[in-house]
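Step one of this worksheet: look at the structure below.
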Amino acid sequence: MTGNRSPSGADPDTRSRELVSRKIVLITGGSDGIGAAAARHAVGQGHQVVITGHQAAKAKEIGEELGIDYHVADYSELDQVRALGETLLSRYPRIDVLANNAGGLMGPRELTVDGNERTFQVNHLGSFLLTTILLPTLTASSAKVIQTASVGAKAFGHIDLDDLQNARKYSPMKAYGNSKLANILFTRELDRRYRAAGISAAAFHPGNVSSSFGSYSKSPIGFIYRALKWSLISPEKGADTLNWLIAEEPGATWEPGQYYTKRKPADTNPQADDARLASQLWDRSAELVS
């Protein structure tokens with residue numbers, strides 16, 4: 001006598017609890033590095049995982065490896081981000097976690113087809129645009145929105161609203177630091193505007209990770225990064241704080257609106273605490289993607 005059990009053999013109450021705890025987790029930049037590591041971990045935890053990547057072959061490889069949905073979009077073209085957002089809205093009526101992980105370290109100053117400095121667009125505007133497109137689903141899902149930032153925000157970042165395109169005194173590391181600081185400011189402002197609507201936002205520094213990050217940068221720091229790649233931490237270790245933010249309860253284990261490293265609140269650039277700057281950056285970003 002088997003009793004009243006689901007086809008999987010689980011007790012109905014147990015099966016119900018599993019379905020409630022199973023999250024739909026969307027990871028951008030999920031085809032490589034910490035994004036792919038986090039995707040593997042989330043699949044292992046029983047979540048429904050969706051990834052995006054800018055290289056079709058890599059996205060397909062990880063998608064097929066894990067048996068998950070994958071989408072392709074290059075953040076250096078905002079129309080591709082818009083198309084991605086519309087596809088995600090139509091395909092997924094619920095998104096419990098949006099991990100904005102896409103980005104990288106660029107080389108010499110370059111403008112995108114949209115007229116924006118490439119680092120600023122790929123590392124900040126793309127995530128900003130995708131998140132705002134998905135807001136109806138994210139708020140209805142009481143979602144977590146997690147931003148991959150960096151200690152580079154503190155080391156190299158300084159936001160000048162009159163020079164968001166880094167036209168003056170450009171360097172790859174300055175542009176990168178500014179974009180990572182923008183990620184943290186975006187997290188702060190997303191929390192301020194949408195916490196009451198149910199969104200829990202956080203940013204984090206993954207550590208110095210051995211991945212394809214910086215592989216294509218022709219800057220001196222890109223060369224140094226490749227030369228020292230052997231000494232960096234694994235993508236699996238780099239994904240630890242992201243995995244923790246996905247798994248744990250906001251308001252209980254971690255505080256929304258904050259920036260974390262190694263699962264703990266961390267100091268960062270003083271500008272990250274400037275609420276007026278965060279609000280102004282949001283408005284400027286909205287203008288640039290409209």
If you scan region 81-102, which residues turn out to be under 17 Å from residue 285 (Cα atoms) and assigned to a helix (DSSP H, G or I)? 81, 82, 85
Being touching a residue at least 60 places away in the same chain (Cβ under 8 Å) and among the aromatic types (Phe, Trp, Tyr) narrows it down to one residue among 75, 92; which is it? 92
Being open to solvent by 20 Å² or more (accessible area, probe 1.4 Å) and either in contact (Cβ under 8 Å) with a residue 12 or more places away in the chain or not basic (Lys, Arg) (or both) is the filter here, so list the residues in region 165-190 that pass it. 165, 167, 170, 171, 172, 173, 174, 176, 188
Considering every residue within region 116-132, establish whether at least one is farther than 19 Å from residue 184 by Cβ and assigned to a loop (DSSP other than H, G, I, E, B). yes
Could you tell me whether residue 105 is modelled with pLDDT under 95 and outside any strand (DSSP E or B)? yes
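One line per residue, one yes/no per condition, for (1) closer than 23 Å to residue 32 by Cα; (2) surrounded by 20 or more Cβ atoms within 10 Å (Cβ to Cβ); (3) polar (S, T, N, Q); (4) touching a residue at least 24 places away in the same chain (Cβ under 8 Å):
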| site | (1), (2), (3), (4) |
| --- | --- |
| 126 | yes, yes, no, yes |
| 130 | yes, yes, no, yes |
| 133 | no, no, no, yes |
| 138 | no, yes, no, yes |
| 158 | no, no, no, yes |
Might you check whether a residue that is at pLDDT 95 or above and out of contact with any His (no Cβ under 6 Å at 6 or more places or on another chain) occurs anywhere in region 218-234? no
Which listed residue, of 31, 8, 76, 90, is of a type in the set (Gly, Ala, Ser) and modelled with pLDDT under 95: 8
Residue selected from region 17-67 under the condition over 18 Å from the mean Cα position of the chain (by Cα) and among the charged types (D, E, K, R), by the criterion surrounded by the fewest Cβ atoms within 10 Å (Cβ to Cβ): 64
Which of (1) under 18 Å from residue 288 (Cβ atoms); (2) hydroxyl-bearing (Ser, Thr, Tyr); (3) open to solvent by 30 Å² or more (accessible area, probe 1.4 Å) is the odd one out, the single condition residue 119 does not satisfy? (3)
Tally, over region 243-290, of residues that are open to solvent by 60 Å² or more (accessible area, probe 1.4 Å) and either without any contact (Cβ under 8 Å) to a residue 40 or more places away in the chain or under 13 Å from residue 187 (Cα atoms) (or both): 17
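The values are calculated or read from the model by the stated rules, or taken from the named source; none is laboratory data. Everything numeric here is computed off the predicted structure, so don't read it as measured data. Backbone-built Cβ (ideal geometry, glycine too); neighbour counts: all protein chains shown. Keep in mind that these areas ignore ligands, DNA and RNA; they rest on the heavy atoms of the full protein, side chains included. Shrake-Rupley method; radii C 1.70, N 1.55, O 1.52, S 1.80 Å.
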